[in-house]
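The values are calculated or read from the model by the stated rules, or taken from the named source; none is laboratory data. Nothing here was measured: the structure is a model prediction, and the numbers come from that model. FYI the Cβ positions are ideal-geometry reconstructions off the backbone, even for glycines, and counts take in every protein chain you see. Note: areas computed on protein heavy atoms with side chains; ligands, DNA, RNA excluded. Shrake-Rupley method; radii C 1.70, N 1.55, O 1.52, S 1.80 Å.
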Amino acid sequence: MLADALLRNAGGATALLRVTGANTASGMSEVGLVATTFAEVPVSPVVMRKLRPGWQEGGESKWELLVSASSVEQQVNTLDLESAQALFAITLAVTVGGQDYLIESVASNEAFGQVYLFRLLLREAKQQSL
C-alpha cells in the first residue's frame with residue numbers, strides 16, 4: 001500500500017499492457033486457422049522515467065517503468081495466470097501516454113518476502129514500414 005501511495009504521489013499514471021488472449025483451440029491457432037486475440041490490460045499506478053543514455057553511438061533511449069505490485073497481482077488473478085512473470089511473458093507491448101514500448105527485462109523489489117514493486121526496463125517500439 002505504501003508503494004501505491006508513493007507512485008500516486010510521484011505522478012501515478014496508467015499503463016496498458018497489450019497481451020495475447022488465450023485461444024481455446026490452440027492447435028488450430030498454431031497453424032493460423034484461428035486468429036490470435038489481443039487485450040489491453042490496465043495497470044495503475046505507474047511511474048516512468050528515462051534512464052541515463054548510454055554513450056554508444058546510435059544507442060536507443062531506455063526507460064524504466066515502476067509498476068505497483070498490487071495492480072499486477074490483481075490483473076494476474078483476473079486473467080487466471082500463475083504469476084506476474086507469466087503476465088509479463090504474454091505482454092507484447094506496453095503503452096504509456098500513447099507511446100508503445102517493448103519490455104527488455106523485469107525485476108522486482110521485495111520487503112519482508114513480499115513483492116511491492118516491479119521495475120520494467122523498456123525501449124521504444126519502432127514503427128515498421130510496409
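Name the single residue, out of those in the range 112-126 being farther than 23 Å from L81 by Cα and loosely packed, with under 13 Cβ neighbours inside 10 Å, that is modelled with the lowest pLDDT.
Among those that are farther than 23 Å from L81 by Cα and loosely packed, with under 13 Cβ neighbours inside 10 Å, it is K126.
Name the one entry in L66, L79 that is in contact with a helix residue (DSSP H, G or I) (Cβ under 8 Å, 6 or more places away or on another chain), crowded, with 17+ Cβ neighbours inside 10 Å and not small (G, A, S).
It is L66.
Just checking, which of S105, S71 is polar (S, T, N, Q) and either in a helix (DSSP H, G or I) or open to solvent by less than 40 Å² (accessible area, probe 1.4 Å) (or both)?
The conditions single out S71.
Between a residue in the range 47-61 that is under 18 Å from A125 (Cα atoms) and any residue that is at pLDDT 65 or above and open to solvent by 90 Å² or more (accessible area, probe 1.4 Å), which pairs come within a Cβ distance under 7 Å, given they are 6 or more apart or on different chains?
S61/K50
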